[in-house]
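Below is one structure, written out as structure tokens; comments come after it.
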Amino acid sequence: MAVGISLVSEQNNVINKFLSSFFDNKITTDSDTYEWDYSLKNDLESIDLISCLMDNIDMYPSLNLWVSFDPNLFIKVKEDNYENLIKYIANRYSM
């Protein structure tokens with residue numbers, strides 16, 4: 001099952017910077033991109049992306065991450081819930 005990822009920022013070029021850092025490769029999106037949606041088929045990739053952003057949230061304070069496990073259900077990833085979300089993803093997709 002795929003995990004839907006949505007990155008949202010009110011500042012210009014923040015999403016590009018984060019994605020380029022995460023993928024260790026220059027990512028080119030529209031310079032005016034304020035939202036990036038992606039479906040990750042690999043649950044470990046979604047855990048890595050969540051962990052990476054939360055570990056570096058001080059570098060990307062304007063970046064918001066939302067995850068979706070089911071259609072039309074989005075959960076905002078925050079410092080106080082990301083560890084539980086990671087556990088949920090690991091348990092849900094290891095069955």
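Side notes on the structure shown:
- Matching residues in region 1-49 - criterion: being closer than 19 Å to Ser94 by Cβ, assigned to a helix (DSSP H, G or I), among the charged types (D, E, K, R) and at pLDDT below 90: Asp43, Glu45
- Listed by first and then second residue, the pairs linking a residue in region 69-95 that is hydroxyl-bearing (Ser, Thr, Tyr) to a residue that is surrounded by 13 or more Cβ atoms within 10 Å (Cβ to Cβ), with Cβ atoms under 7 Å apart and 6 or more places separating them unless they lie on different chains, are Tyr82/Ile50; Tyr82/Met54; Tyr93/Asp43.
- Every condition in (1) out of contact with any Asp or Glu (no Cβ under 7 Å at 6 or more places or on another chain); (2) at pLDDT 95 or above holds for Met54 except the one numbered (1).
The values are calculated or read from the model by the stated rules, or taken from the named source; none is laboratory data. Here the structure is a predicted model, which means the values were calculated and not measured. Virtual Cβ from ideal backbone geometry, glycine too; neighbours counted across all protein chains shown.
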